[in-house]
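Have a look at this one before I ask anything.
The values are calculated or read from the model by the stated rules, or taken from the named source; none is laboratory data. What you see is a predicted model, and the numbers here were worked out from it, not measured in a lab. Cβ placement follows ideal geometry from the backbone for every residue including glycine, while neighbour counts extend to all protein chains displayed. Surface areas here come from the heavy atoms of the whole protein model, side chains and all, with no ligands, DNA or RNA. Shrake-Rupley method; radii C 1.70, N 1.55, O 1.52, S 1.80 Å.
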Amino acid sequence: MKNMCDLYQEQLALAIENTCFSAECKEEIVEILKQPKHEIIVNFPVKLSNGHLKVFKGYRIQHNNFCGPYKGGLRFHHNTHLDECKALAFWMTVKCALQELPFGGAKGGVKFDPREYSTDDLHKICKAFARAIYKYVGSERDIPAPDVGTNSKTMDWMTAETRRLNHDHDFGVYTGKSLIFGGSQGRTEATGRGLMHCVEKWAELTGAAHISATDLGENHQILKDRTFILQGFGNVGSFAAKLLTERLGMKCVGLGDHTGYWTNAEGFSIMELRNWVSETGCLSRGPGCAPEQAVDKLAFFSQACDLVIPAALELQIGEEEAHALQCSAVIEGANGPIDTDADRILTERGITVVPDVLANSGGVVVSYYEWLQNKRCEYWSLEKVRNDLEKRMDKAFNRVWSKAQELKTTMRIAAYVLAIERIQYAYDT
Ligand code: NAD
């Protein structure tokens, strides 16, 4: 397996070769995008409720702002580290440019496991982290959002602390907030919903190749009883599973999270599992997920299905898993779940990969809508947010699909080429 910096730099090197820039321009853009503009590392103390003082390590990586203020999530995870944040920040630059948003890319996080802390302590940690980074963020400077281990409550606490320190009313400094605190309708479900639109577009555009003629018709009929396996049942995974099963009639035949992997040819009950996970925090011992029925990771990825959806962490599909997959397509809900060798193997095997920068971009699109609503002091209906998201996802998917056909390349490289052309224009103008 590669490390994450190798992964994004290799992807960048492959993509740049497919642009029509001069040799000199290619070299310059690679030099600029290879490293982030700012790497901010903070060590901040928190007096915990047990009376102990603990120093936490936090990161904010501001990768690029040619297209607008830095934008990207904050992750709370015990493995969060500098290289991870650098890679995730790079992908945000590409994602925002691909979606034609007025943002650059950033990412950050704190190295700790939020599951081990009480709500009181999480509150203190969030406020202390907000104090440590408040000088570097702002609605025109850098706008963080939720990611792994963080949620709307985290964003509310950090927004409140930043506003207090700045003596202002800037709600747009963080997105992914609660509705009652300047959040947008539809933000929580947005990444999963955007992923569902990608699945619909994939079905529509590859219908002839993958689906028998008798199935052709409305998308939900095309996909009815089609199967998927899903790694990760958090914000992205659980909403994607809900929408794919409820709206498109698909069947989830494999599930996994940090507590294990399970398969079920009859299909899991997603609604019951969503209730279970919201109470217990994990899939283990939920309906259909008894520990004694668990399978190993490779057996999970070897399960025959139409779609594989990694929606947990990066670097989950390496060479071994890439050879084992038995599906038509991989839809990347997580950022960077496939390493470059595995990506090459999937291409050779004719398995389509809908890349992360497209498939999980619904979250940042609705974060953009939230930022706009905060700026204008107006609030949109859920219907408007969903309609606008669908149009934007469809447009981005069509552009990537056409570019891939034109260049005779993968959707990942096509997405990068479109994004890099936009960034290069902003740089050179
Ligand atoms: P989350 O914290 O809500 O859920 C993470 C899920 O991954 C959980 O089910 C957890 O059990 C599982 N997981 C963690 N470690 C695992 C392991 N070692 N093996 C298997 N499963 C494991 O996070 P999320 O917000 O759903 O984010 C998931 C992915 O999607 C990340 O790559 C994130 O960067 C990306 N993403 C999130 C958003 C968003 O809006 N939240 C937007 C774009 C991309």
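Mind putting a number on the dipole of the range 1-115 about its Cα centre? Charges go on the C-beta only, +1 for Lys and Arg and -1 for Asp and Glu, and I need it in Debye to the nearest 20.
860
Along the charge dipole of the chain, which of PHE76, LEU101, CYS126 sits closest to the positive end, that is, farthest toward it, with unit charges on the beta carbon of Lys, Arg, Asp and Glu (+1, +1, -1, -1)?
With unit charges placed on the Cβ atoms, the residue in question is CYS126.
Using a Gaussian network for the chain with springs between C-alpha atoms less than 10 Å apart, which of these wobbles most: VAL55, VAL148, VAL330?
Judging by the Gaussian network model, the answer is VAL55.
Quick one: accessible area per residue over the chain, 1.4 Å probe, rounded to a whole number of Å²?
40
Okay, helix-only estimate at 222 nm for the chain: each DSSP H run of n ≥ 4 adds -39500 (n - 2.57), divide by all residues, round to 500 deg cm²/dmol; what do you get?
Computed ellipticity for the chain at 222 nm equals -15000 deg cm²/dmol.
Quick one: check the C-alpha center-to-center distance for the range 167-190 versus the range 122-157, whole angstrom.
For the range 167-190 versus the range 122-157, the Cα centre distance is 12 Å.
Just to be sure I understand: with springs between alpha-carbon atoms less than 10 Å apart, which residue in ASN360, ASN65, ASN398 has the highest mean-square fluctuation in the Gaussian network model of the chain?
Looking only at ASN360, ASN65, ASN398, the largest GNM fluctuation is found for ASN398.
Under a 10 Å cutoff between Cα atoms, tell me which one of THR150, THR409, THR206 has the largest fluctuation in the Gaussian network model of the chain.
Sorting by GNM fluctuation, first place goes to THR206.
Dipole of the range 35-175, Cα-centred, from +1 at each Lys and Arg C-beta and -1 at each Asp and Glu C-beta, to the nearest 20 debye?
Here the range 35-175 has a charge dipole of around 280 debye.
Using a 1.4 angstrom probe on heavy atoms only, work out the carbon and sulfur share of the accessible area of the range 35-175 in %.
Looking at the range 35-175 in its full context, I get 49 percent from C and S.
Could I ask something else about it? Per 0.36 nm of contour for each residue apart, how much would the distance between LYS395 and LYS153 grow if the chain were fully extended, relative to their Cα-Cα spacing?
Between LYS395 and LYS153, full extension yields an extra 83.9 nm.
Provide TYR136, TYR379 ordered by accessible surface of protein heavy atoms (probe 1.4 Å), highest first.
Ranking TYR136, TYR379 by accessible area, largest first, yields TYR379, TYR136.
Related question: Using Cα pairs under 8 angstrom and six or more residues apart, how large is the relative contact order of the chain, in percent?
Answer for the chain is 16 percent.
Give me the lysines in straight-line cross-link reach of LYS224: C-alpha distance below 18 Å, same-chain residues under 8 apart excluded.
Within the straight-line limit of under 18 Å, LYS224 reaches these lysines: LYS201, LYS242, LYS251.
Could you tell me the calculated FRET efficiency between HIS323 and ASP168, based on Cβ-Cβ distance and R0 = 45 angstrom, to the nearest 0.05?
The pair HIS323/ASP168 has a calculated efficiency of 0.25.
Between ARG131 and GLU100, what is the spin-label point distance in nm, taking each point 7 Å from the Cα along the Cα→C-beta axis?
4.4
What's the magnitude of the charge dipole for the chain around its Cα centre, counting Lys and Arg as +1 and Asp and Glu as -1 at the beta-carbon? Answer in Debye, nearest 20.
Charge dipole, the chain, about its Cα centre: 1380 debye, nearest 20.
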